[in-house]
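Here the structure is laid out as structure tokens; the discussion comes afterwards.
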Amino acid sequence: MTSPQTATGTFTQAQLGTLTLIGWSGEHPHNGQDVAFLLVYSLGDGSDGPAAGEAAMRVALERSGLHIGGAPVRADETPGLPVKLLVQAGQAVLTLPHFTAQYPARPEWLAAAGEQGEVQAMFATRPWPQGAPGNPVTEETLRSFAGDPEVIATSAHCVLPVRSLG
């Protein structure tokens with residue numbers, strides 16, 4: 001298998017490992033309205049271990065036009081950004097050049113996403129093996145990972161418009 005080449009580095013799809021998507025809704029700290037959130041992360045089970053997976057995730061996100069740290073990229077104000085969110089039939093489908101992930105959304109998440117017309121997405125470079133599909137993720141566990149200042153600072157952030165087929 002060949003490694004894609006970029007100015008910022010190389011990686012293979014296998015180094016990314018298992019990529020997972022989890023969503024929740026909650027009150028936005030600045031305006032008090034319900035907001036839909038998505039967290040994208042690797043389990044750290046890539047072919048060359050968690051450290052290589054973290055580096056691979058950084059390269060993949062940068063290639064997608066998402067920058068690590070800093071202010072969120074607004075997809076609706078960034079022409080050509082290859083990051084898309086489709087919400088249809090109770091599912092949220094997130095597509096980037098290097099992966100597609102699906103989230104079976106809860107009614108409160110769908111309501112917040114529909115009301116706001118957008119979703120706040122965080123793409124963690126730091127692996128989170130505790131968030132493996134099938135493992136119960138409590139609100140406290142999710143908050144401890146997604147709210148960790150180091151995780152936030154080493155993630156890419158994006159505001160995605162909600163799109164549907166209808």
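The values are calculated or read from the model by the stated rules, or taken from the named source; none is laboratory data. Small disclaimer: the values here were computed from a predicted structure and weren't measured. Neighbour counts run over all protein chains shown; Cβ positions are idealised from the backbone, glycine included. Accessible surface areas use protein heavy atoms only, side chains included; no ligands, DNA or RNA. Shrake-Rupley method; radii C 1.70, N 1.55, O 1.52, S 1.80 Å.
Things worth noting here:
- Of all the residues in the stretch 34-58, those that are in contact with a helix residue (DSSP H, G or I) (Cβ under 9 Å, 6 or more places away or on another chain) and part of a helix (DSSP H, G or I) number 6.
- Residue identified as of a type in the set (D, E, K, R) and modelled with pLDDT under 95 among Arg74, Arg163: Arg163
- Flag for Gly23 being part of a strand (DSSP E or B) and touching a strand residue (DSSP E or B) at 6+ places or on another chain (Cβ under 7 Å): yes
- Residue match in the stretch 76-92 (condition: assigned to a helix (DSSP H, G or I) and loosely packed, with under 15 Cβ neighbours inside 10 Å): yes
- Flag for Ala111 being more than 27 Å from Gly46 (Cα to Cα), touching an Asp or Glu at 6+ places or on another chain (Cβ under 9 Å) and aliphatic (A, V, I, L, M): yes
- The helices (runs of 4 or more DSSP H) found wholly in the stretch 94-159 and carrying at least 2 residues that are touching a residue at least 60 places away in the same chain (Cβ under 8 Å) and surrounded by 14 or more Cβ atoms within 10 Å (Cβ to Cβ) occupy 107-116, 139-146.
- Within the stretch 32-49, the set of residues being under 20 Å from Pro133 (Cβ atoms) and buried (at least 17 other Cβ atoms within 10 Å of the Cβ) comprises Ala36, Phe37, Leu38, Leu39, Val40, Tyr41, Ser42, Leu43, Gly44, Gly46.
- Only residues that are closer than 17 Å to Arg58 by Cβ, open to solvent by 40 Å² or more (accessible area, probe 1.4 Å) and without any contact (Cβ under 8 Å) to a residue 60 or more places away in the chain were counted across the stretch 10-28, and they come to 2.
- Here is the figure for the stretch 50-67: residues that are within 18 Å of Val159 (Cβ to Cβ) and open to solvent by less than 10 Å² (accessible area, probe 1.4 Å) total 3.
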